[in-house]
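> Questions regarding the structure given below will be posed in turn.
Readers should treat all values here as calculations from the given coordinates under stated rules, not as data from a laboratory. These figures come from a predicted structure and were not determined experimentally. Please note: Cβ atoms are built from the backbone with ideal geometry, for glycine as well, and neighbour counts cover all protein chains shown.
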Amino acid sequence: MKELRILVVEDSRRDLDLIVREFQLAGYSVQAERVETAEELTAALARASWDAVISDNALPSFDATGALSVLQSSHPEIPFVIFSGMIGEERAVGLMKAGASDYVSKRNLPRLIPVIERELRDAAERVERRRIESQLGEMRAQQERMLNQRSVLLDITNGVIGSLDRHSLCQAIFEAIRASVPECSAVVLVLRVMESDALDTVIAGTDPQAVAAGEVRLRGVGRTVLENRCVLVPGEDTLLSAGVGSSIAGPLITKGEPFGALILAGAAAGRPLLDMDFFTRICSQVALAADNVISYEKIAELKARLERENAYLIEEIKSEHNFEEMVGASPPFRALIETVRRVAPTDATVLITGESGTGKELVARAIHSRSPRSAKPLVKINCAAISAGLVESELFGHVKGAFTGALDRRVGRFEFAQGGTLFLDEVGELPLETQAKLLRVLQEHEFEPVGSNRTIQTDVRIIAATNRQLDQWVKEGRFRADLYFRLNVVPIEIPPLRERRSDIPDLVSFILAHHNRQFGRKIESVADETMQRLLAYSWPGNIRELQNLLARAVVLSTGPVLRLGDDLLPSASINTADSALRASEIAPNHASQGHQALNDVERSHVLQVLRDTNWVIEGSRGAALKLGLHPNTLRSRMKKLRIERPR
């Protein structure tokens, strides 16, 4: 049974009973109440909810017009039906225009049922329509809020994408938020200092100086947010500084760890600056940008440190490997220099041959430094010093997992030398399989890293060097003929020192100047007898042997004039063929023994200076100053000579 609650404005009890009975006959369970005055109608409307109001046209102290006015002022959604015995057409039309739902004559009581049912349906539809319209309005408002929030997030993203430091980042965040939240007067970034528990504060806003007055409190709020990982809206008793009426703070989190806080401040008190959910999304966006800035700062710091270390190491290398310039004026040497001058500006492949110790790497460096590729690296690889199983990885690189022990990707020398020059020292020692792959690089200018099918294009000039007779090795099948012809585009043969004896005085002067700086000595000249012996010696170890011999002599010298005894340089003549043959036969042993003796002498000298200075390395009383070395160079030599301070 359908329930119905009706409020009847009627002075006749009999008419109320007729109305109730009619609805009951139609299958309704009716709850009805009769009122006769405006006061009673108002009270009844306030006391309970009603499905419809049925009103007589005229009562002794009230009428339908008054009842309609009372109803519309408080419950305009309730249907209002006039139920009267006598009413003119003009009166009925006027009431309908004023808001009455319909008119039913008391002489036609059954018509009241369909009229009320129709009005109830219409009222329900109106209520549903208003509910839907309200929901649609809320959805539109929510969409507008979301669009506005996305716009703010996009503005933040676009604003911070080019920020590479904290101050420009903070300013970009403030400008993006200020455009959508005019109440925001300042943005504060509180970030951890790298490798420290201290906090760094950055402020941007319309009056950052005023906000900066509360910087200590700002850091306190930031630390609270960091430790608790919460969004914080400080109350009136925790205002950040004078002139800040409202604020909101949230943590900046990346990779699960908080590293900073974002604080927004406004001058107006008592009103939240932003919705907390939206502010949390802003914090996530800012966290990414701030993390990028911190990463960039770390990279910039590491880059600066590497540049400083690189500059230092370059200076160390220059001081250690003194042959930055080639020295000599003999005809063979001048011919060599002319060849270098002509071939350097080209991209032609060069094969440098010559005995061990003649300075093949020095010639390669001279070619590279005078070439258009001089701004790019000269990368060296000693093919004889790398095992056959790893030489391909060194040349071409490898991918992670290419072989056992390949725990990460490795960049090969070809890729590292891109745009520059690759110097293949002792190229004759390459395995035949690697020779075939090197030939492909020379022909196709491309290669694949070990374990990869990705082809890498390469633009590298090749300079190779060997002390082997490669043409003979080609005949014996120990070196590929096609690779030999590819490498031997421009052959350069370096003459041995015995064929350019007129350069020995200049070389001795140049080497002594270096050793004076290296060992802290002051050799001013060379005895005539010593120079004659140097000129007469066959030099099977070439310039390298001359370097080692002079280093040993400088260390052992006691005066400003260099003299060599028989223990340092045996008498040797080059006037006979058998003496040259004898020199070549003893060359390996001689070089080895001289090198070993030099290390022993150098170790003894360094040890003595360390003992004299009580093992102090740096400072005005340190061993490094007395030896004329950089402290780090001395430490490196101590490690090389296996010198350790006694415990």
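> So how much slack lies between LYS2 and GLN532, counting 0.36 nm per residue of separation and subtracting their Cα-Cα distance, in nm?
Stretched fully, the LYS2-GLN532 segment lengthens by 177.3 nm.
> Largest first and in whole Å, give the semi-axes of the stretch 2-127's equivalent ellipsoid, each being the square root of 5 times a Cα gyration tensor eigenvalue.
18, 17, 16
> Report the net charge of residues surrounding PHE447, where surrounding means a beta-carbon distance below 9 angstrom and charges are Lys +1, Arg +1, Asp -1, Glu -1.
Cβ neighbours under 9 Å give a net charge of -2.
> Just to be sure I understand the model, the point goes 7 Å from the Cα along the line to the Cβ. What's the resulting GLU144 to ALA385 distance in nm?
7.4
> To continue, here is another question. Just tell me which lysines come within less than 30 Å, Cα to Cα, of LYS303; anything on the same chain fewer than 8 places away is out.
Cα-Cα hits under 30 Å: LYS255, LYS318, LYS376, LYS380, LYS400, LYS639, LYS640.
> Next up: For a bin width of 5 Å, list the pair-distance distribution of the stretch 50-124 built from all Cα-Cα distances, rounded to whole %.
3, 17, 29, 27, 18, 5, 0
> Turning to a different aspect of this structure: Mind checking which aspartates and glutamates have their Cα closer than 18 Å to the Cα of LYS437? Skip sequence neighbours fewer than 8 apart in that chain.
GLU392, GLU394, GLU415, ASP425, GLU426, GLU429, GLU446, GLU448, ASP459, ASP482
> Continuing with the same structure: Give the cross-link partners of LYS522 among the aspartates and glutamates, using a straight C-alpha distance below 17 Å as the criterion and excluding same-chain residues fewer than 8 apart.
Candidates past the 8-residue exclusion: GLU602.
> Dipole magnitude of the stretch 434-473 about its Cα centre, charges +1 at Lys/Arg Cβ and -1 at Asp/Glu Cβ only, in debye to the nearest 20?
Using only the charged Cβ atoms, the result is roughly 120 debye.
> Can you tell me the relative contact order of the stretch 352-510? Whole percent, Cα pairs under 8 Å, sequence separation 6 or more.
29
> Oh, and also: Within the set of other residues whose C-beta is less than 14 Å from the C-beta of LEU112, count the net charge using Lys and Arg as +1 and Asp and Glu as -1.
Combined, the nearby Lys, Arg, Asp and Glu give -4.
> If you don't mind, another one. Looking at the stretch 47-153, send over the antiparallel percent of its DSSP beta bridges, to the nearest 5.
Values: 1 of 8 bridges.
The antiparallel proportion sits near 10 percent.
> For a quick protection proxy, order the peptides 111-117, 475-481, 492-498, 126-132 by their average other-Cβ count within 10 Å, most packed first.
492-498, 111-117, 475-481, 126-132
> Run through the stretch 333-412 and list the chymotrypsin sites (Phe, Trp or Tyr not before Pro) located in a DSSP loop whose Cβ has at most 12 other Cβ atoms within 10 Å.
Passing both the DSSP loop test and the Cβ count: PHE403.
> Using the eigenvalues of the Cα gyration tensor, what equivalent ellipsoid semi-axes result for the stretch 20-78 when each is taken as the square root of five times the eigenvalue, whole Å, largest first?
So the equivalent ellipsoid measures 21, 14, 10 Å along its semi-axes.
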